[in-house]
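*Asks:* This is the structure I have questions about; it appears just below.
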Amino acid sequence: MVILLIPLLLPVLTAVAYLAAGWRRSTAWLGAGSAAVVLAAVVVLAVQVLAAGPRTAVGGLLRADALTAFMLVVVAAVALVACAATPAHLRGEIAAGHASARTATRHTVLVQLFLAAMTLAVLAADLGVLWVAVEATTIITAFLVGQRRTRAAVEAAWKYVVICSTGIALALLGTLLLNYASLHAGSGAGLDLAALADGAAGLDPGVTRIAVALLILGFGTKAGLAPLHAWLPDAHSQAPAPVSALMSGVLLSVAFYAILRVKVIADAALGVGFARTMLVVIALASLLVATTLLIAQRDYKRMLAYSSIEHMGLLALGAAAGGPLATAAVLLHMLGHGLAKSTLFVGAGHVLQATGSSRIADVRALASRSPVLAGCVAAGVLALVGFPPFSLFASEFALARAGFANGLGWATAAAFVLVLVIAAVLVGHTSRMLLGASTAAPGAAPAPLPLPIGAATTMVLALVGCAVIGVGAAPLAPLLARAADIVTGTP
């Protein structure tokens with residue numbers, strides 16, 4: 001089915017085009033155009049899935065149901081934001097001497113391959129293919145994290161590779177054990193995700209329990225969840241801004257999507273208690289880590305990275321709560337977080353290029369130096385902390401309701417106390433950057449921070465999209481409901 005192949009093949013073709021023609025003025029917007037076409041194709045695919053059910057391609061190796069279609073919307077939407085912000089970012093890096101045209105070409109090729117790998121992970125009908133795709137994202141993004149080749153960037157890239165490879169190794173062991181359980185069940189399901197979910201009742205409980213634990217820990221590492229979360233702040237703070245936007249806004253959600261697929265199998269094979277207990281512990285640990293490390297944070301890019309750990313913790317809490325409401329809230333939260341966080345990382349990249357520092361103390365009076373950039377940063381932070389009308393308000397409210405309704409009242413209360421502390425910390429750190437006294441000499445006007453029109457337009461539109469989804473998510477409601485049914489095992 002052609003429409004199913006477009007989101008996967010178009011980024012690969014775009015990477016080939018960049019490799020052949022290089023990054024230059026005439027090709028600078030090729031990635032953004034490709035992302036726009038992919039988003040349009042994904043919307044068409046979602047409509048078809050809702051109308052006619054799951055679609056398959058390549059002999060059944062690729063499969064798109066409602067959950068897949070929604071995740072493709074998340075990937076494509078955030079990819080459009082990141083790719084539209086890339087030309088201005090790369091021009092700034094080249095002007096500052098941090099990159100060359102060759103570096104820009106390598107960057108754009110790797111970004112397109114990164115998008116293709118994430119798309120393959122979402123489209124994979126087989127758990128083994130899903131694992132391969134997630135591992136591919138690690139290999140590709142390691143080169144992007146270390147792109148500046150500074151000592152800090154190279155160290156962050158190696159740390160990312162070592163920790164994520166450890167997590168992925170755990171996931172591989174879990175995949176092998178689940179395949180063993182599947183073979184001995186005699187159902188012929190193999191590692192096919194849909195068949196495993198349908199025949200989960202026949203899986204050996206002991207082997208499946210170990211496999212599920214390894215898979216949740218393994219994919220949880222890639223999602224930035226505790227205890228193997230330490231790679232995230234280093235990698236996100238050192239990667240180029242558009243790459244940080246993709247890693248935080250999409251990659252973490254794709255890894256969590258893998259956890260949701262595993263949870264479907266675990267709930268059917270072991271009951272809801274096993275995965276729920278693991279996810280509650282991981283959620284609270286992640287929120288506690290994010291809170292304690294955000295309070296004394298001095299780097300604004302690391303601040304955004306720790307905020308991502310917080311939001312992944314909320315997703316884990318929602319998945320633990322289960323049920324249609326919590327699951328729909330988890331999926332909506334992925335989209336809202338992706339749009340808001342990608343906007344903030346794009347903005348942080350421009351601040352870093354203009355000031356040469358990622359320290360919060362070195363950025364002051366941003367509101368007077370660049371009102372549009374300051375407004376986008378302020379709105380993005382308000383979206384992250386759950387202010388209306390942004391979609392994260394609706395998703396966090398639904399997560400809280402579902403948590404209290406589904407027997408996780410104590411965990412939900414503890415989690416949202418930590419969320420309130422994080423909100424206060426984020427607002428405090430950001431307000432000092434936006435409104436703090438200028439570091440310019442007495443009597444001198446603070447130096448302006450230029451913001452390219454393309455980047456400003458991208459940030460504003462992403463925030464508007466986040467707000468529109470929060471005010472009226474009706475167009476997404478049927479897709480969310482069908483996707484929630486898949487995760488909860490509702491016929």
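The values are calculated or read from the model by the stated rules, or taken from the named source; none is laboratory data. For clarity, every value in this text was computed on a predicted model and none was experimentally measured. Neighbour counts are summed over all protein chains in view; Cβ atoms, including those assigned to glycine, are modelled from backbone coordinates with ideal geometry.
*Asks:* Could you list, in sequence order, all residues of the range 3-34 that are buried (at least 17 other Cβ atoms within 10 Å of the Cβ) and among the aromatic types (Phe, Trp, Tyr)?
*Replies:* Scanning the range 3-34 gives 18, 23.
*Asks:* Using the structure shown, decide if residue 357 is in a helix (DSSP H, G or I), hydroxyl-bearing (Ser, Thr, Tyr) and surrounded by fewer than 19 Cβ atoms within 10 Å (Cβ to Cβ). Quick ask: steps written out before the conclusion?
*Replies:* Numbers: in a helix (DSSP H, G or I): no; hydroxyl-bearing (Ser, Thr, Tyr): yes; surrounded by fewer than 19 Cβ atoms within 10 Å (Cβ to Cβ): yes.
The answer is no for residue 357.
*Asks:* Among 401, 364, 432, which is the only one that is basic (Lys, Arg) and at pLDDT 95 or above? Spell out how you get there, then give the answer.
*Replies:* Details: 364 fails: at pLDDT 95 or above; 432 fails: at pLDDT 95 or above.
Exactly one residue qualifies, and that residue is 401.
*Asks:* So which residues in the range 2-47 are in contact with a Cys (Cβ under 9 Å, 6 or more places away or on another chain) and in a loop (DSSP other than H, G, I, E, B), if there are any at all?
*Replies:* Of everything in the range 2-47, just one residue is in contact with a Cys (Cβ under 9 Å, 6 or more places away or on another chain) and in a loop (DSSP other than H, G, I, E, B), namely 29.
*Asks:* Search the range 228-243 for residues that are over 17 Å from residue 312 (Cβ atoms) and pair each with any residue that is hydroxyl-bearing (Ser, Thr, Tyr) and buried (at least 24 other Cβ atoms within 10 Å of the Cβ) when their beta-carbon atoms are under 6 Å apart and the residues are at least 6 apart or on different chains.
*Replies:* Every condition considered, the pairs that remain are 242/86.
*Asks:* Kindly establish whether residue 104 is more than 22 Å from residue 264 (Cα to Cα), buried (at least 19 other Cβ atoms within 10 Å of the Cβ), touching a Leu at 6+ places or on another chain (Cβ under 8 Å) and hydrophobic (A, V, I, L, M, F, W, C).
*Replies:* On the way: more than 22 Å from residue 264 (Cα to Cα): yes; buried (at least 19 other Cβ atoms within 10 Å of the Cβ): yes; touching a Leu at 6+ places or on another chain (Cβ under 8 Å): yes; hydrophobic (A, V, I, L, M, F, W, C): yes.
Criteria met by residue 104.
*Asks:* Taking the condition in a helix (DSSP H, G or I), touching a Lys or Arg at 6+ places or on another chain (Cβ under 7 Å) and under 17 Å from residue 432 (Cα atoms), does residue 379 pass?
*Replies:* Details: in a helix (DSSP H, G or I): yes; touching a Lys or Arg at 6+ places or on another chain (Cβ under 7 Å): no; under 17 Å from residue 432 (Cα atoms): yes.
Criteria not met by residue 379.
*Asks:* A follow-up question, please. When only residues in the range 160-212 that are within 29 Å of residue 243 (Cα to Cα), small (Gly, Ala, Ser) and surrounded by fewer than 18 Cβ atoms within 10 Å (Cβ to Cβ) count, which is nearest to the chain's Cα centre (by Cα)?
*Replies:* Ranking the candidates gives 165 first.
*Asks:* As an exercise: evaluate residue 50 against (1) part of a helix (DSSP H, G or I); (2) under 23 Å from the mean Cα position of the chain (by Cα) and give the number of the one condition it does not meet.
*Replies:* So the condition that residue 50 fails would be (2).
*Asks:* Please go through the range 221-267 and give me each residue that is outside any helix (DSSP H, G or I) and either over 17 Å from residue 341 (Cα atoms) or within 15 Å of the chain's Cα centre (by Cα) (or both), ordered by number.
*Replies:* Quick first cut of the range 221-267, residues outside any helix (DSSP H, G or I) only: 223-230, 239-240.
Once the filter is applied, which keeps residues that are outside any helix (DSSP H, G or I) and either over 17 Å from residue 341 (Cα atoms) or within 15 Å of the chain's Cα centre (by Cα) (or both), the range 221-267 yields 223, 224, 225, 226, 227, 228, 229, 230, 239.
*Asks:* Could you figure out which of (1) assigned to a loop (DSSP other than H, G, I, E, B); (2) farther than 20 Å from residue 233 by Cβ isn't true of residue 415?
*Replies:* (1)
*Asks:* May I ask you to list the residues in the range 360-377 that are surrounded by fewer than 20 Cβ atoms within 10 Å (Cβ to Cβ) and either free of Cβ contacts under 8 Å to residues at least 60 places away in the same chain or hydroxyl-bearing (Ser, Thr, Tyr) (or both)?
*Replies:* 368, 371, 375, listed by residue number.
*Asks:* How do the pairs read when you match residues in the range 244-264 that are within 23 Å of residue 194 (Cα to Cα) with residues anywhere that are surrounded by 24 or more Cβ atoms within 10 Å (Cβ to Cβ) and among the hydroxyl-bearing types (Ser, Thr, Tyr), using Cβ under 7 Å and keeping only pairs 6 or more apart or on different chains?
*Replies:* Within 7 Å, the pairs are 251/137; 252/308.
*Asks:* Could you please find all residues in the range 139-155 being in contact with a Pro (Cβ under 7 Å, 6 or more places away or on another chain) and either in a helix (DSSP H, G or I) or under 15 Å from residue 113 (Cα atoms) (or both)? Break it down into steps so the answer makes sense when it comes.
*Replies:* Let us first name the residues in the range 139-155 that are in contact with a Pro (Cβ under 7 Å, 6 or more places away or on another chain), namely 144, 147.
Answer for the range 139-155, where residues must be in contact with a Pro (Cβ under 7 Å, 6 or more places away or on another chain) and either in a helix (DSSP H, G or I) or under 15 Å from residue 113 (Cα atoms) (or both): just 144.
*Asks:* Of all residues being touching a residue at least 12 places away in the same chain (Cβ under 8 Å) and not in a helix (DSSP H, G or I) in the range 295-322, which is nearest to residue 247 (Cα to Cα)? Just the residue, please. Outline the logic, then answer.
*Replies:* First pass over the range 295-322, keeping only residues touching a residue at least 12 places away in the same chain (Cβ under 8 Å): 295, 297-322.
Among the residues that remain, those that are also not in a helix (DSSP H, G or I) are: 297-299, 322.
Numbers: 297: 20, 298: 21, 299: 18, 322: 26 Å.
Ranking the candidates gives 299 first.
*Asks:* Right, next: Would you confirm whether any residue within the range 156-174 is assigned to a loop (DSSP other than H, G, I, E, B) and under 30 Å from residue 342 (Cα atoms)? Don't jump to the end; show me each part of the working.
*Replies:* Applying the first criterion (assigned to a loop (DSSP other than H, G, I, E, B)) to the range 156-174 yields none.
Within the range 156-174 (the criterion being assigned to a loop (DSSP other than H, G, I, E, B) and under 30 Å from residue 342 (Cα atoms)), the answer is no, since none of the residues qualifies.
*Asks:* Being in contact with a Phe, Trp or Tyr (Cβ under 6 Å, 6 or more places away or on another chain) and of a type in the set (Gly, Ala, Ser) is the filter; apply it to the range 436-491 and report the residue that is modelled with the lowest pLDDT. I'd like the intermediate steps shown before the answer.
*Replies:* At the first step, the residues of the range 436-491 found to be in contact with a Phe, Trp or Tyr (Cβ under 6 Å, 6 or more places away or on another chain) are 466-467, 470, 479, 483.
With of a type in the set (Gly, Ala, Ser) added as a condition, the list becomes 467, 470, 483.
On the way: 467: 94, 470: 89, 483: 95.
It comes out as 470.
*Asks:* What are the pairs with Cβ atoms under 6 angstrom where one residue, in the range 323-341, is surrounded by fewer than 24 Cβ atoms within 10 Å (Cβ to Cβ) and the other, located anywhere, is polar (S, T, N, Q) and not in a helix (DSSP H, G or I)? Sequence gap at least six, or different chains.
*Replies:* Filtered contacts from the range 323-341: 323/406.
*Asks:* State all residues of the range 360-376 that are of a type in the set (Gly, Ala, Ser) and either part of a helix (DSSP H, G or I) or in contact with a Ser or Thr (Cβ under 8 Å, 6 or more places away or on another chain) (or both); if no residue qualifies, say none. Give the steps one after another, and end with the answer.
*Replies:* The first filter runs over the range 360-376 and keeps only residues of a type in the set (Gly, Ala, Ser), leaving 361, 365, 367-368, 370, 374-375.
Listed by number, the residues that qualify are 361, 365, 367, 368, 374, 375.
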